[in-house]
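Heads up, the thing below is written out as structure tokens.
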Amino acid sequence: MTRELTLGILGGGQLAQMIALAAMPLGVRTVVLEPDAQAPARLCAEHLHASYTDPAGLKRLAGCDAVTLEFENVPVEATSVLDGQVPLRPSPAVLHRSKHRGREKAALEAAGANVAPYRMIETEAELEGALLAVGGQGILKTAELGYDGKGQVRVNSKHELRAAWTELGGVACVLEGLVPFVREVSLGVARGPDGTLSFGPLVENAHAGGILRRSIYPAQSSDAAAEQARILAGAVAEAWGVVGLITLEFFELSGGKLVVNEVAPRVHNSGHLTQDGGGVSQFEAAARAALGLPMQDFLPLHPCGMVNILGWEEGHEPDWAALDRISGAHLHLYHKANKPGRKLGHVNVVGRTREEVLAGMEQVEAALS
């Protein structure tokens, strides 16, 4: 008997595209609800070209075996309609926590995770004394909707804090104290309907301008830190009742202690390197968890890294031929129109050692510059 399953996805961007491509060999058809006519996932999935709250589109998703998502800022109206009609994984309760930085931090602490010192700021009066309470320096972030460095301002004085709050529109914000970390790392965890957990690799990340630029596995972290990340990720997934895949971003301190920065209730940019590392990818793991299929850890079998391809200014297009010649490099383009700074694709590099991967990543960055 042929397995025939259908996975719905709220959103049709590159993450949905890569989930659909990973699900296809499993005998899974994918349906995406996405208002953008040029959605990347349209090339490999059934594309419902409509708003996220479109009744006909939601009815089609409700007929799938399960529904997942590729971004956390899905309208509540959409998840409310689907809830109870089809397994929504992760659930509306998980989205409710993760889409608001204040609720997320409180829920992380309740699950036993460490977070940076923070204060919620919802009124002008709450600005007073807030910066001192988090250590005298911090980052003011909008409680909702911020991503890739958007909706956040670094502040070093109470005057800068007040100006930043005004700049961000006087909306609800979280003020986070700065954490003296030695590196940024992340780890994905998938949890099936039966409670089975599977884990991704501990990946080391480098950001610039709030945007992830490169990731590498293995991280320079100790085995103890990697085990700590798995324990924390598993504890959060269990405490939150996750079914599906979530990704935790950590600050690693000098002694190896991990502080959770934030949680993405979905596959994550830092996990793209699992596509070519030789094992199960994060995208297959997400599809398996959402549909209740047998699961396994999605750890790469080989050292690997990822470099993001960002949109370029006119006259500075990447040297595609040079990229194609780099040993161990795998090009992944999203079929999106070029716009400076926009994520247009990534290059995964696989090698025999971390050093070999780093050398390949340097060649990739040279071809992209």
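The values are calculated or read from the model by the stated rules, or taken from the named source; none is laboratory data. This is a predicted model, so every value here is computed, not measured. Glycine also receives a Cβ, built like all others from the backbone with ideal geometry; neighbour counts cover every protein chain displayed.
Under the condition of being outside any strand (DSSP E or B) and of a type in the set (Val, Ile, Thr), which residue from the range 211-253 is farthest from residue 87 (Cα to Cα)? Give the derivation first.
Restricting attention to the range 211-253, the residues satisfying the condition of being outside any strand (DSSP E or B) are 218-243.
Narrowing the set further to residues that are of a type in the set (Val, Ile, Thr) leaves 231, 236, 242-243.
Numbers: 231: 26, 236: 20, 242: 12, 243: 9 Å.
Among them, the one singled out is 231.
Each row is one residue, and each column tells you yes or no for (1) in contact with a Leu (Cβ under 7 Å, 6 or more places away or on another chain); (2) modelled with pLDDT under 95.
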site	(1), (2)
96	no, yes
100	no, yes
115	yes, no
125	no, yes
130	yes, yes
136	no, yes
145	no, yes
148	no, yes
151	yes, yes
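Residue 294 fails exactly one of the following numbered conditions: (1) surrounded by fewer than 20 Cβ atoms within 10 Å (Cβ to Cβ); (2) in contact (Cβ under 8 Å) with a residue 12 or more places away in the chain; (3) more than 20 Å from the chain's Cα centre (by Cα). What is the number of that condition?
(2)
Can you pull out the residues in the range 1-29 that are out of contact with any Asp or Glu (no Cβ under 7 Å at 6 or more places or on another chain), under 20 Å from residue 269 (Cβ atoms) and not aliphatic (A, V, I, L, M)?
14, 17
Looking at 206, 233, 226, which is the one that is within 29 Å of residue 142 (Cβ to Cβ), touching a residue at least 24 places away in the same chain (Cβ under 8 Å) and not assigned by TED's automatic domain parsing to the domain that holds residue 124? Don't jump to the end; show me each part of the working.
On the way: 206 fails: touching a residue at least 24 places away in the same chain (Cβ under 8 Å); 226 fails: within 29 Å of residue 142 (Cβ to Cβ).
Sole residue among the options that is within 29 Å of residue 142 (Cβ to Cβ), touching a residue at least 24 places away in the same chain (Cβ under 8 Å) and not assigned by TED's automatic domain parsing to the domain that holds residue 124: 233.
With 67, 81, 86, 32 as the choices, which residue is part of a helix (DSSP H, G or I), surrounded by 15 or more Cβ atoms within 10 Å (Cβ to Cβ) and among the β-branched types (Val, Ile, Thr)? Spell out how you get there, then give the answer.
Numbers: 67 fails: part of a helix (DSSP H, G or I); 86 fails: part of a helix (DSSP H, G or I); 32 fails: part of a helix (DSSP H, G or I).
One residue alone meets the criteria, 81.
Just give me the residues in the range 104-119 being among the aliphatic types (A, V, I, L, M) and either part of a loop (DSSP other than H, G, I, E, B) or more than 21 Å from residue 210 (Cα to Cα) (or both), in sequence order. Write out each step before concluding.
Just the residues of the range 104-119 that are among the aliphatic types (A, V, I, L, M), to begin with: 106-108, 110-111, 113, 115-116.
Listed by number, the residues that qualify are 106, 107, 108, 110, 111, 113, 116.
Hey, residue 211 hits all of (1) over 20 Å from residue 274 (Cα atoms); (2) of a type in the set (A, V, I, L, M); (3) surrounded by fewer than 17 Cβ atoms within 10 Å (Cβ to Cβ) but one; which does it fall short on?
Only one criterion in (1) over 20 Å from residue 274 (Cα atoms); (2) of a type in the set (A, V, I, L, M); (3) surrounded by fewer than 17 Cβ atoms within 10 Å (Cβ to Cβ) is unmet by residue 211, namely (1).
Among 357, 307, 280, 347, which is among the β-branched types (Val, Ile, Thr) and farther than 24 Å from residue 13 by Cα? Full working, then the answer.
Details: 307 fails: farther than 24 Å from residue 13 by Cα; 280 fails: farther than 24 Å from residue 13 by Cα; 347 fails: farther than 24 Å from residue 13 by Cα.
So the residue among 357, 307, 280, 347 that is among the β-branched types (Val, Ile, Thr) and farther than 24 Å from residue 13 by Cα is 357.
Taking the stated definitions as given, is residue 154 crowded, with 21+ Cβ neighbours inside 10 Å, in contact with a Gly (Cβ under 9 Å, 6 or more places away or on another chain) and not assigned by TED's automatic domain parsing to the domain that holds residue 39?
Working: crowded, with 21+ Cβ neighbours inside 10 Å: no; in contact with a Gly (Cβ under 9 Å, 6 or more places away or on another chain): yes; not assigned by TED's automatic domain parsing to the domain that holds residue 39: yes.
In short, no.
List the number of the failed condition for residue 352; all other conditions in (1) assigned to a loop (DSSP other than H, G, I, E, B); (2) crowded, with 22+ Cβ neighbours inside 10 Å; (3) over 22 Å from the mean Cα position of the chain (by Cα) hold.
Here residue 352 meets the rest and fails (2).
Could you run through the range 40-64 and say how many residues are within 19 Å of residue 13 (Cβ to Cβ), part of a loop (DSSP other than H, G, I, E, B) and small (Gly, Ala, Ser)?
Taking the range 40-64 and keeping what is within 19 Å of residue 13 (Cβ to Cβ), we get 40-54, 57-58, 60-61, 64.
Now drop any that are not part of a loop (DSSP other than H, G, I, E, B), which leaves 44-45, 49-54, 64.
Remaining after also requiring small (Gly, Ala, Ser): 45, 50-51.
Of the residues in the range 40-64, 3 are within 19 Å of residue 13 (Cβ to Cβ), part of a loop (DSSP other than H, G, I, E, B) and small (Gly, Ala, Ser).
Check off (1) under 30 Å from residue 68 (Cα atoms); (2) assigned to a loop (DSSP other than H, G, I, E, B) for residue 169 and give me the number that stays unchecked.
Condition not satisfied by residue 169: (1).
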